[in-house]
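The values are calculated or read from the model by the stated rules, or taken from the named source; none is laboratory data. Quick caveat, the model's predicted, so the values are computed rather than measured. Please note: Cβ atoms are built from the backbone with ideal geometry, for glycine as well, and neighbour counts cover all protein chains shown.
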């Protein structure tokens, strides 16, 4: 049976061996200058290629007959980014809008304009509903 190693709690120094100590002896090539300025290899200057599917819905129900474009299905983005996307959509469409309960609502039937903005931001917009 494998013996469990316990960390002392009485202030005694802990013997710790780094798992990366063996890498110190390897002859690795030096990092290129490009790697140092760009940061992680996954970072790119453009938007992410696929940030997930979002649904674009046109609704009129419970809105006094007014048409509203609703964007739902965001995964992995925060409230601040949704508000910034809504602001960009409002500016591009020349209409009002809001962020409610994790959805972006834009006044009027602006599905094509909204889809263009979402595609530019790296999302995959899908027209859903009526």
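Mind checking whether some residue in the range 114-121 is touching a residue at least 12 places away in the same chain (Cβ under 8 Å), crowded, with 19+ Cβ neighbours inside 10 Å and not in a helix (DSSP H, G or I)? No, every residue in the range 114-121 fails to be touching a residue at least 12 places away in the same chain (Cβ under 8 Å), crowded, with 19+ Cβ neighbours inside 10 Å and not in a helix (DSSP H, G or I).
If you go through the range 84-110 and keep only what is within 15 Å of residue 73 (Cα to Cα) and not in a strand (DSSP E or B), you end up with 85, 86, 101, 102. Count of the range 88-113 residues, restricted to those that are touching a residue at least 24 places away in the same chain (Cβ under 8 Å), farther than 15 Å from residue 59 by Cβ and in contact with a strand residue (DSSP E or B) (Cβ under 9 Å, 6 or more places away or on another chain), is 3. Does residue 10 count as in a loop (DSSP other than H, G, I, E, B) and at pLDDT 75 or above? Against the criterion (in a loop (DSSP other than H, G, I, E, B) and at pLDDT 75 or above), residue 10 qualifies.
Looking at the range 94-113 only, could you name the residues that are farther than 14 Å from residue 83 by Cα and buried (at least 17 other Cβ atoms within 10 Å of the Cβ)? Within the range 94-113, 107, 110, 111, 113 qualify. Scanning the range 24-41 for residues that are under 30 Å from residue 89 (Cα atoms) and either at pLDDT 75 or above or outside any helix (DSSP H, G or I) (or both) turns up nothing. For the range 54-75, does any single residue satisfy the condition of being at positive phi, under 21 Å from the mean Cα position of the chain (by Cα), modelled with pLDDT under 90 and surrounded by fewer than 14 Cβ atoms within 10 Å (Cβ to Cβ)? No - not one qualifying residue is present in the range 54-75.
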